[in-house]
1. Go from 0 up to the bin containing the longest alpha carbon distance in region 137-188, width 5 Å each, and give me the % of pairs per bin.
2. Taking the alpha-carbon set of region 2-150, what are its Rg and Dmax in Å?
3. For labels at Met81 and Cys287 in the simple 7 Å Cα→Cβ model, what's the distance in nm?
4. Can you divide the C-alpha Rg of region 65-188 by 2.2 N^0.38 Å and report the result to two decimal places?
5. To the nearest 0.05, what FRET efficiency results for Thr177 and Phe300 with a Förster distance of 22 Å applied to their C-beta separation?
6. Expressed in nm², what is the orientationally averaged projection area of the convex hull enclosing the Cα positions of region 30-79?
7. Starting from 0.36 nm per residue, how many nanometres of slack lie between Ser167 and Asp41 once their C-alpha separation is accounted for?
8. Sort 148-154, 15-21 by packing, meaning the average of other beta carbons within 10 Å per residue, with the highest value first.
Amino acid sequence: MKITRALGYEKASSILKKSLLLAAESGVHEVVEEIIKSFPDAVLYSDQEQQNAFHLAVINRHKWVINLIFEMSGHKHLLLMSQDKSENNILHLAGKLAPLYQLNRIPGAALKMQRELQWFKEVEKIVPPGIKEDKNSQGKTPAMVFVDEHQGLVKKGEKWMKDAATSCSIVTVLIATVVFAAAITVPGGTATDGTPIFYGFPAFTIFAMADAVSLFSSIAAVFMFMSILTARYAETDFLFALPKRLILGLFMLFLSVTGMMVAFGATVYMVNFDYKHKEIRKGGVFCLVMGLAFLPVSVFAFSQFAVLVDLTFSTYGPSIFRKQRTGVFYKKGE
């Protein structure tokens, strides 16, 4: 208000308009907050394309700016109903492909596609139902705009998913083959009555349990990766279906690798150190063998942990329009 009184309404509006639109486009939510606080009607300013601050924030995927505008503005209904020069509403703009600098922040084409779907779905929840079927000047609904804009990203996401599933499937099948062979040819062989020679040894119990866990989890992982390879790869599959399958597959693969190495460590100890005893008496040797067995498990976890964390957080993490610094506008599940 001080700026308005000092410079006059016309000049103040000109300065605030340029600053607000630039801040909304760039994602500088502090500037947006200060301008809206001092001049609430500024949210209705628009550029040559008739795109206001909210339009620009949606196009450029700036969630902080979107939340601030909705928390602080009394023109929410007008903002949701507004259209740009091409008759695109808010949902049309959310359906457009995000700027390259925003997409490059997300690793993997599948995660990029998932994030784009999350944006579209979250914006879809806050707009009036009638807007979802509105057509722009090209006769396209928001859903049609989303499909057209993301065709290339869908193909890249499909290739990324299939490459990951194929690579993991090869490793998983090898593990399943090894642990199955170990299960039917137990360490030390069997007695004349078919009983394993090392039956009753604590290390043998560890071997049997770990081998079973590895075999079952590797087979489950194979099924998960096969389901990814045979998926239909529609746009909506990238939201939950495909990421959940990959998360389960990677987790099962990690479990199978862990079980295999534990079984191998127990076998090494049992055959070389425990064959004369029915109790584990060489605790230091046993711990050393198991520690070495977990070395490849640690390497595998280190190499794949980042991917698993990104997938899990992106799929099950908080929604885009979540609780922010100035209050609550929208929460997941509301």
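Bear in mind that the values in this text are calculations on the coordinates, not laboratory data. Here the structure is a predicted model, which means the values were calculated and not measured. All Cβ positions, glycine included, derive from the backbone under ideal geometry; neighbour counts span all protein chains shown.
1. 4, 16, 12, 11, 10, 8, 8, 7, 6, 6, 4, 3, 2, 1, 1, 0
2. 15.8, 52
3. It is 7.3 nm.
4. Working: Rg = 22.4 Å, N = 124, 2.2 N^0.38 = 13.7 Å.
Normalised Rg, Cα atoms only: 1.63.
5. After rounding, the FRET efficiency stands at 0.80.
6. On the way: hull surface 13.0 nm².
Its average projected convex-hull area is 3.2 nm².
7. Working: separation 126, 0.36 × 126 = 45.36 nm, distance 5.51 nm.
That pair, Ser167 and Asp41, stretches by 39.9 nm at full extension.
8. Details: 148-154: 15.9, 15-21: 18.0.
Ranked from most to least packed, the peptides come out as 15-21, 148-154.
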